[in-house]
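Down below is the structure, laid out as structure tokens.
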Amino acid sequence: MELTGDSLVFLSAVDTLSGSATTPELRVETGLSKNKIHYQYQKLEDEGFIEVSYADSGVGNRIPPKVATLTTEGVEALQQEKRNLEASEGGPYLEPEKVVLSRSEFVEFQEENEELQRRLNVLEQKQSELLEFEKSAIDLLQRRYDYLNELNKRVIALSEWRNDVNHYLLACELAFNKINFDFGKALDVVSEDYNYTDEGLKALYQKD
């Protein structure tokens, strides 16, 4: 396998650190991100260039970090890469450019990364709350729409009933006029709880 890019940087850093290095040391030595470091762990271990283990302890209460140790195959791959570069460029092999951080810069980098992660968590929480609020608002609007729709149906039904009553009253008025029925007198009779008899009913009509 030909070593290129991050793989070459990773193995060169392990070699520089006496053939064994932890994840924090590799991040400082290479400048690679945490995800890229872990990807190289898996990739280079599968190729047999490193052995992966864990340190005896971590910093504070943190989990002990991974440790990458160069294997014989890894050393030979680095040496072969140096020879290939010297042959292709016609000069001595130059180590890949490294980003070197001091301990204080590394601690600052870690703190900034943790702060960014905290902010990301806050944003994710707010996004979740907004989605829940949006769902509740939609449910509320749907209920109000259903209520107004039902209310509108009742208003329409009431309007139709009112029209029917008006038509009925008009028909009654026309009928009463035709038979010369004294509607006002009928209302008076009803209001006085008049006891309807044949004579009483006849009194409501005015004969021509």
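Put a dot 7 Å past the Cα of F133, heading toward its Cβ, do the same for F109, and the two dots end up 3.8 nm apart. Other residues within the sphere of radius under 12 Å centred on the Cβ of A157, judged by their own Cβ, net out at 0 (K and R +1, D and E -1). Within region 5-100, how many Lys pairs sit with Cα atoms under 19 Å apart, leaving out pairs fewer than 8 places apart on the same chain? Here the count comes out as 7. Label point of N152 set 7 angstrom out along Cα-Cβ; within region 130-145, amide nitrogens under 11 Å from it belong to 145. Working from Cα pairs under 8 Å separated by at least six residues, relative contact order for region 5-100 is 32 percent.
The length gained on full extension between Q79 and R143, counted as 0.36 nm times the residue separation minus their Cα-Cα distance, comes to 15.7 nm. Zone of E124 (label point 7 Å along Cα→Cβ, backbone N under 20 Å): which residues in region 18-49? It comes to 33-39, nothing else. For V67, nonlocal amide neighbours, meaning residues 5 or more places apart or on other chains whose placed amide H falls under 5 Å from its own, are S53, Y54, A55.
Throughout, read-outs are computed from the coordinates displayed, never taken from laboratory work. These numbers were taken from a predicted model, which means no experiment stands behind them. So basically every Cβ, Gly included, is an ideal-geometry build from the backbone, and we count neighbours across all protein chains shown.
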